[in-house]
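To keep things clear, I will list the structure first and then write my remarks on it.
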Amino acid sequence: MAVSAQTKEITILAVNDMHADAYPVVALMNKAGFNLSAVSNHEFDGNIVGFRSVIINSNFRYVCANMYAPDSLRLHVWPYRIIETGDVRIVVLGLLQTGISGLPDTHPDNLKNIRFRKWETVAEEYSWLRNQCDVFILLVHEEYPECVAFLNRYPYADVLIGAHTHKPIWATELHNGVMISQAVSHLKYVSHITLHLKDGKVVKKENRLLDVNAFSLKDEEVQAMVDVFNNNEALLRVLTQVIMFEMELDGQRQIKKLDLRWLTDHILICNVLTKW
């Protein structure tokens, strides 16, 4: 969440892990007034059709500069967007991690006809945007160490908002003059970023994590939406079971949980690897 101290208007950004069946989350993001979202690897877990459904149901745009999808897929993902709040011009550039295969961390069959490039290379190519705005934000779905390494080489942005690692960054943290922010996962926290501008330049940056569960006030309309989603029979289905067991670890007896769906998935993967 980025706040312009000059205009006191709020810009809400997401670095996302949106699954194809995430309509309740999308509906709540629409209600909250999200402005933009990055694209993550999990957007593709439900294949292209699932991601397209998420985009169609969203009232906000998705940005990813290192993803190249043909128009025939109808994804309409932009490399960057410009947000104007009062006299402040904000550029938000979206970027997505790729693994050793050159693809995001999802099943490759879900990425047919989409091409990706290394986000660090693409980000450098878009550095010209620095001269087109007052505030330059990188919305990057990538591991924390890789983000820090990039900032140590290319400090042209004002803020990098990251994800994928789910590392909490509790307060203001600067690398080579660029502030980095990350808000864990599962909507437990919100990154509250305050940028102070003077004469079109960012002169002060602040970040802190807000505990969502600590808020006592509730929006009644939002709560009504949550209640409807929570009472949906399709969402109440039992998808897996968890069994408890004891084990000895480092000389101590510990109680662990085992998700049977996780076990089934891993047995299937092992079988495929064995056959291959």
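The values are calculated or read from the model by the stated rules, or taken from the named source; none is laboratory data. Predicted model, so just to flag it, every value in this text is computed and none were measured. Neighbour counts are summed over all protein chains in view; Cβ atoms, including those assigned to glycine, are modelled from backbone coordinates with ideal geometry.
Just a few scattered comments:
- In the stretch 197-218, the residues that are assigned by TED's automatic domain parsing to the domain that holds VAL135 form Cβ pairs under 7 Å with partners that are part of a loop (DSSP other than H, G, I, E, B) and of a type in the set (Ser, Thr, Tyr), at six or more places apart or across chains, as follows: LYS205/THR172; GLU206/THR172; ASN207/THR172.
- Every listed requirement among (1) in contact with a Ser or Thr (Cβ under 6 Å, 6 or more places away or on another chain); (2) at pLDDT 90 or above; (3) over 23 Å from TYR156 (Cβ atoms) is met by ASN35 save one, (3).
- Scanning the stretch 142-149 turns up at least one residue that is at pLDDT 95 or above and over 17 Å from the mean Cα position of the chain (by Cα).
- Residue count, the stretch 65-88 (criterion: among the small types (Gly, Ala, Ser) and more than 16 Å from ALA38 (Cβ to Cβ)): 2
- Any chance ASN231 is out of contact with any strand residue (DSSP E or B) (no Cβ under 7 Å at 6 or more places or on another chain) and among the polar types (S, T, N, Q): yes
- So ILE12, is it surrounded by fewer than 19 Cβ atoms within 10 Å (Cβ to Cβ) and either assigned by TED's automatic domain parsing to the domain that holds GLY99 or aliphatic (A, V, I, L, M) (or both): yes
- Scope the stretch 164-207; condition touching a helix residue (DSSP H, G or I) at 6+ places or on another chain (Cβ under 7 Å) and under 19 Å from TRP119 (Cβ atoms); matching residues: THR165, LYS167, HIS175, ASN176, VAL178, ILE180, GLN182
- Count of the stretch 5-32 residues, restricted to those that are of a type outside the set (Ser, Thr, Tyr) and modelled with pLDDT under 85, is 13.
- HIS76 vs. criteria closer than 18 Å to MET18 by Cα and touching a residue at least 60 places away in the same chain (Cβ under 8 Å): no
- Some residue of the stretch 83-93 being assigned to a loop (DSSP other than H, G, I, E, B), surrounded by 16 or more Cβ atoms within 10 Å (Cβ to Cβ) and in the same structural domain as GLY200 (by TED's automatic domain parsing): no
- Pairs meeting the criteria (first residue in the stretch 86-101 and within 15 Å of VAL159 (Cβ to Cβ), second residue surrounded by 15 or more Cβ atoms within 10 Å (Cβ to Cβ) and among the basic types (Lys, Arg), beta carbons under 9 Å, at least 6 apart or on different chains) are ILE90/ARG81; VAL91/ARG81; VAL92/ARG81; LEU93/ARG81; GLY94/ARG81.
- Residue count for the stretch 219-252, restricted to those that are of a type in the set (A, V, I, L, M, F, W, C) and either assigned by TED's automatic domain parsing to the domain that holds GLN182 or at pLDDT below 85 (or both): 11
- Of ILE100, ILE114, ILE161, all but one fail to be out of contact with any helix residue (DSSP H, G or I) (no Cβ under 9 Å at 6 or more places or on another chain) and buried (at least 17 other Cβ atoms within 10 Å of the Cβ); the exception is ILE161.
- Among all positions in the stretch 118-133, there is no residue which is within 17 Å of the chain's Cα centre (by Cα) and without any contact (Cβ under 8 Å) to a residue 24 or more places away in the chain.
- Candidate set: the stretch 181-231, residues that are polar (S, T, N, Q) and part of a strand (DSSP E or B); chosen: the one farthest from VAL148 (Cα to Cα): THR194
- Which numbered condition LEU75 misses (of (1) in a loop (DSSP other than H, G, I, E, B); (2) closer than 24 Å to GLN182 by Cβ): (2)
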